[in-house]
Amino acid sequence: MARRKTNAKKPSTREVDRSENAGALPLDACHLDYPLLFAPEFPRIRFPNLQSPMTNPIQQRLMQECISLAREAMRLGEVPIASVIARGDGQIVGWGWNELNAKRDRTMHAEIAAFRDAAGRYPVETENLILVSTLEPCVMCAGAAILCGVSTIVFGLRAPADGGMGRIKPPESPEAIVPEVIGPMMEADIRALFDEWLANHPQDDPQRQYVSQLMELNRTQH
């Protein structure tokens, strides 16, 4: 993650009404102008509904928003991983990016930041949320998506070493939702962001090992 701004402020589009009556953010309002080593072996339990990306204008537009956010994250000194949460009709209710450098908190993944941003903008009991991320969510973020009632997870680039889609067991409680998982999507655009990050960070950068491994594994599995 490039420059280490500890108090980096996100763009003003984040400054929105958080009252009970606040509506979802339309896509145009959210659009920005700038477009570990291997984990230990777990039983590889696949979600039963992993799908290849279909031509879905809403999902593709949400992914484009994620890519724009990831580019801004990189400008602010983070790795280019971003996420948005939207209602089923495509209205964005929350967004975020990895904030390890800004917050010095390893749990501040893009998806967690997006869920925190979305808090209060959708009913707690909702069952119609879309989570879109530039990178396959990890175990923590996939679990958070299930707890929050996400019905569709869309990811851009696979995370073969530590992605959560093949590492967690689908829930079995009566009220649980097993998300539809779609990906990878727009891989070339997202790989280009990570390649740009690598080109601008020295060999001793603490996160270079993770990003290098991610790119190598995606190349070998392509």
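Data overview
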item	result
Strands (runs of 3 or more DSSP E) (entirely within the range 111-190) containing at least 1 residues that are surrounded by fewer than 19 Cβ atoms within 10 Å (Cβ to Cβ)	150-157, 180-182
Search result, residues across the range 68-110 that are buried (at least 24 other Cβ atoms within 10 Å of the Cβ) and among the acidic types (Asp, Glu)	Glu78
Members of the range 88-116 that are modelled with pLDDT of 95 or more and either farther than 21 Å from Val154 by Cβ or acidic (Asp, Glu) (or both)	Glu111
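The values are calculated or read from the model by the stated rules, or taken from the named source; none is laboratory data. Only a predicted model underlies this, so the values are computations on that prediction, with no experimental measurement involved. Don't worry about glycine lacking a Cβ; one is built from the backbone with ideal geometry, like all the others, and counts go over all protein chains shown.
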